[in-house]
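I have placed the structure first, in the form of structure tokens, so that the comments after it can refer back to it.
Values quoted throughout were computed directly from the atomic coordinates according to the rules given, and no laboratory measurement underlies them. All values derive from a computational prediction rather than experimental measurement. Every residue, glycine as well, gets a Cβ built from its backbone with ideal geometry; the counts of neighbours run over all protein chains shown.
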Amino acid sequence: MASSILRTEKLCKSFSNGGTQQHVIKNLDIDIIEGDFTVIMGSSGSGKSTLLYALSGMDKPTLGKIFFGDTQIQDYTNDQLAQFRRGNCGFVFQSVYLLDDQTVLDNVLTGALIVQKNTPELVSKAKELLKKVGLNEEDFKKYSNQLSGGEAQRVGIVRAVINDPKILFADEPTGALNSASSRDVLDIFTEIHKNGQSIVMVTHDLKTALRGTRVLYLRDGGVVGDYRMKPYGEDDKQERRAGLTAFLEEMGW
Amino acid sequence: MNILRLSLFKLKKNKKEAFAIVFLTMITTLMLSVFAANISKANKAYDDSFAQSGSKDTCVMIKKDKYRDEYKDLLNSEYGIREITETECVYGFTLDYKTNNGDERTYVSVFVPEKNERKIEDFVKTDKLTDEEVEKLEHPIWLPMFFSIGEGYQAGDTLTVCKNGRDYPFTIAGFYKTGLYNNSSYGYKMVISDNDYELFKLILDDGVYGAYATLWFNSANTGYNEDIFIESCEKLSGEELNSYFTYNSTRNEKLNSLQFINMFMYFLAFFSGITMLSAVLMIIHRITNDIEDQMQQIGVLEALGYRSREISLSYVYEYVITAGIGAVLGVVGAFLVSPLMNLGIQNTIGRPVTVKTEGGMILLSCFIVVVLVTVFALLKAAKVKKYPPVVAFRKGIRTHHFGRNILPLEKAKGNINIALAMKSFLCDIKSAVGTAVCIIAAGTAILFCVTSAEFFGHGIDGLLSMTGDDIVTEVELLNGVDTYAVRDEIAKMPEVRKALVKYQQKWLSVRDSEYPGATVVFDNYNDAENIKLIDGRFPEHDNEVMTTISRKQYDGVDIGDSIVIKGNGTETKFIVTGMTSSMMNNGTMLYMTSEGYCRACPDARPNIVSVYLKDGVTMEQFEEKLNEKFGTSAKDSVNAGGADGTLEERIRAAADEKLALLTSQYGVTNIDYALVVDGQVITGNSRHFIIKDVSSLMTLAEQSMSGVATVSKYGSFGAMLVLSAVVAVILGLIASSNVKRQRRRLGIMKGMGYTSKDLMKQIALKTMPVTIVYVIIASFAAMYVYSAFWLMVFGTVGELNIPLTIVADVVLVAFCYAVTYISAGRIKAISVTELMTE
């Protein structure tokens, strides 16, 4: 049986808003299984992104515990969390967030060199990955302003996976892309997952959610639904869509 | 009104930056105000005090036995000066004193009886005992104001003159306002009773000491020149007068008295210039960054109908308000500092400061600072015009590095933080240029202060090393004694490291030069320990002389040139073989060999043994051993008193005391005596007296230099701290601007796993290449400024401490790194989620 890679116990996250506490995540217990492509869905304000940031160590929970394997990370300092992220996590953001003043290749290497030594093998790996996501040698020298949204997001994915993270987090990675670019990006995620990568992705898009193997539905800061699917491509697409749609309708999506 | 509200909102948002600008403008205004309000204060205080004394503005003193009435007529015939007061005084040169509590002091002293003082000036008394108390005093003395203001003496205190081993105690009757002779270099005029005056005429009659005829007159606008006047007197009499005259005037004494204050004031102006420059550059830097950061907001405001001029004004108001607050605080500080400045000026010039604080000048300084800030803010904020709404929405014309990739990371080696910092620096090199001027200027000033603080930190040792002569113990021998033989004997003493034969220092004129030179004579200059050859070589032959850098500046005399030195009725040509520097006597020293000196002054005889004591040996220990070897010096024998013993022994002791008095004070070279007491003949002679006097040049040097050394040490240290704070503020502003500007970038990096410390390191490292370059430039500039300062102020070449400068450079670079690193600490406040949700 697959083991848990990430687990929470009574996780809470609150924000202070004009003197009143806004409880976004409430006593949440979840298990993220190694090798799963977990999709977190929910209506706006349900706490999807907040949960993602807390799970990934980008933000600290207000209460509760987060276990990464056997290690508790909820009490880590900011610098400890940064070190935790660099060794274990990869991130793909909705707004890409490439470094403006660096080329495509340097953007990828900036993420890599904080963890690994600069070797010809590392540079080759970065170039190979970039080629795999459809970029060519000419593109490596381009700056973010010279890339389309889809190209930039693909660079973002390569930057996220260059260090072979134990878990890849993605926050609505297709949210700012057109449908063609979205499909390309989702294909990359599917491909990465097939290779054994654990992924946690936040989305509100059905097409994106269909790529996952597990869908957690959030409402009012708690998980109200947990739906499992076969890996993408291993079942009938119509049935897959119908099943997920039924689940989401049940959840009130 | 809306614009003002916008400015206030921005101010509230950027509190830290606003505080930094407030600090810089406050320091600028404070220093500029103190400079402007006080630069004329010392001058005015001097003039007021002089006017109140009723004194003439010029005085010439010629040794009484050399004076002729015709000299007075020369003043009339050559300069049209008719109102001349002729009187006399006793010139005490450097006399030793003991204060009430036994402290030893040395003052250049001019003694006048009250009747003469009243001829010279109004003799306006200030703090004094009552008339009845004064009447009762056996030995009253009236001192010039310096003693009450600068030295803290009070009426009723005792001041004891020590001469030839005898004490002459005086009671201070009070103080009076004097026009001239209220200065440590030119001397202090002390008014004493007729009896005491007559006594001093006798006991101070030796060499430069003694009675002088004095001519007091007003020389302003007459074309009068001391040296030309004395030359005329020499022509008239056919006598050499250089060694027998001294002079003073308000021009000279004022220049001397105000020298230190003026130097301090110009330093303040220099430092305020640096901080002003820093403040303006920082404001320019901030406005540029603000406009770039807030480009989209500018677009929104323009879209809403705000004119670009109005938006520009919101930036201008922000900095004018900030600078205004700083300037007001600076003004308050200047008013608070004013009483301290008055005290400092009074203590330095020894005259009361009666001028009110120049409020107008302080406010003018404040106005200048605010206007400068306004002008530069207006010029820079006008940049908003370049961005119409559409361009502003697109964040200006973003032309990000579409050219060559500088320092590609695939080729980077070593630490990624260093690689990223260098990459960031190279991409953003233009922004570094803006800070160059202020960092270089502040760095120059800091390194100058470090060198000065270190130099003066050793007390007077530093100054002693600049005297251009060996400051040692001098044993003056009686005439007729074989100086070389005594030198050999002294050299053998276990307390002594080295003993050299020297000549009494003389002032000799140099043809075609306004500046007479004090002589320094060595048989062999390799024996000298404190004379540094700057160029050429030491004199080796009797027709060679070494001069100073100052004289080169004054007279244009260089190595290889000839100069004619006027001795006692002789004029001798010398070739200049080398250059040295000396802060003594305005650096106009003349260095000759013994043979050379004897050519210039044929009547000169060596009568001094310069004694270099071993480490740890005190002057007292040496003197004790010297007395054991050569007998008590004639000076000390004067007060020895009668010995116990037989009648013959007591008579011999009394006779010896008389002989000592005659030989030590009246220039008698040899005495034989025969006394008949109850039919018994007692004979004796003065030949057993060998030593006339023993003195330590170090004691005099310590007294005259320790004040300057202490003030300079603490002044340099204080300035160093203030300037370091300025540099810290500049770098802090740059670092916080970088953080603010790169907020998004830093957030992304944090998301990737870079820690706050990694990013702080990158920001600090980014500033290092330019900081290192600026500090190196500043080092050279500081060395140049330091040398120029020493030449200008002390007439000598400042000794550069290269190892210290290198260490200071390293410390300064480390300081800059630390400040930038700490200032970049606000990165910690940026969380990744904040970045992603902004």
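Figures for the structure shown
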read-out: Segment B:700-786: Lys pairs at Cα distance under 17 angstrom, eight or more positions apart or on different chains; value: 6
read-out: Share antiparallel - DSSP beta bridges, segment A:162-253, percent rounded to 5; value: 55 percent
read-out: Computed lengthening from B:D127 to B:N218, 0.36 nm per intervening residue step minus Cα-Cα distance; value: 30.0 nm
read-out: Computed [θ] at 222 nm, deg cm²/dmol, chain B (DSSP H ≥ 4; -39,500 (n - 2.57); rounded to nearest 500); value: -17500 deg cm²/dmol
read-out: Local electrostatic count at B:L4 - Lys and Arg +1, Asp and Glu -1, tallied over other residues with Cβ under 12 Å; value: 0
read-out: Bins of 20 Å from zero: percent of alpha-carbon pairs in chain B; value: 13, 36, 28, 17, 6, 1, 0
read-out: Formal net charge of residues neighbouring B:A42 (Cβ-Cβ distance under 14 Å; K, R +1; D, E -1); value: 0
read-out: Lys, Arg +1 and Asp, Glu -1 on Cβ, resulting dipole of chain B about Cα centre, debye, nearest 20; value: 7640 debye
read-out: Shielding of A:108-115 by partner chains, average beta-carbon count, 10 Å; value: 6
read-out: Electrostatic dipole magnitude of segment A:4-251 [Cβ: Lys, Arg +1; Asp, Glu -1; Cα centre; debye, to 20]; value: 140 debye
read-out: Neighbourhood net charge (12 Å Cβ-Cβ; Lys/Arg +1, Asp/Glu -1) for B:S610; value: -3
read-out: Qualifying aspartates and glutamates (Cα of each under 15 Å from Cα of B:K66; at least 8 residues distant if same chain); value: B:E86, B:E88, B:D205, B:D206, B:E231, B:E234, B:E239, B:E240
read-out: Overall form of segment B:96-193 per C-alpha gyration tensor (a/c, 1.5; a/b vs b/c); value: rounded
read-out: Rounded, prolate or oblate (a/c below 1.5 giving rounded, otherwise prolate when a/b exceeds b/c) for segment A:4-251 by Cα gyration tensor; value: oblate
read-out: Stokes-Einstein D in µm²/s, Kirkwood radius over Cα pairs - the protein assembly as shown at 4 °C with 1.567 mPa s viscosity; value: 35 µm²/s
read-out: Shielding of A:76-87 by partner chains, average beta-carbon count, 10 Å; value: 5
read-out: Between segment A:22-82 and segment B:55-124, the alpha-carbon center distance in angstrom; value: 94 Å
read-out: Segment A:4-251: relative contact order in percent, alpha carbon pairs under 8 Å with at least 6 residues between; value: 26 percent
read-out: Straight-distance crosslink candidates among lysines, where the alpha carbon sits under 20 Å from A:K26 and sequence neighbours closer than 8 are dropped; value: A:K10, A:K13, A:K48, A:K60, A:K65
read-out: Relative exposure of B:T94, B:T833, A:T50, judged by other C-beta atoms within 10 Å (fewest first); value: B:T94, B:T833, A:T50
read-out: Share, in percent, of DSSP beta bridges within the protein assembly as shown that are antiparallel, nearest 5; value: 75 percent
read-out: Whether segment A:186-253 is rounded, prolate or oblate, judged on the alpha carbon gyration tensor where a/c under 1.5 counts as rounded; value: oblate
read-out: Ordering of A:224-230, B:44-50, B:813-819 by burial proxy (mean other Cβ atoms within 10 Å per residue, highest first); value: B:44-50, B:813-819, A:224-230
read-out: Check: segment B:166-316 dipole with +1 on Lys, Arg Cβ and -1 on Asp, Glu Cβ, in debye; value: 620 debye
read-out: Least to most buried among B:C233, B:C162, B:C601 (fewest other Cβ within 10 Å first); value: B:C162, B:C233, B:C601
read-out: Cubic angstrom per residue, convex hull over Cα atoms of segment A:85-137; value: 100 Å³
read-out: Anchor B:K614: lysines whose Cα lies under 25 Å away (excluding residues fewer than 8 positions away in-chain); value: B:K492, B:K498, B:K502, B:K532, B:K625, B:K629, B:K635, B:K692
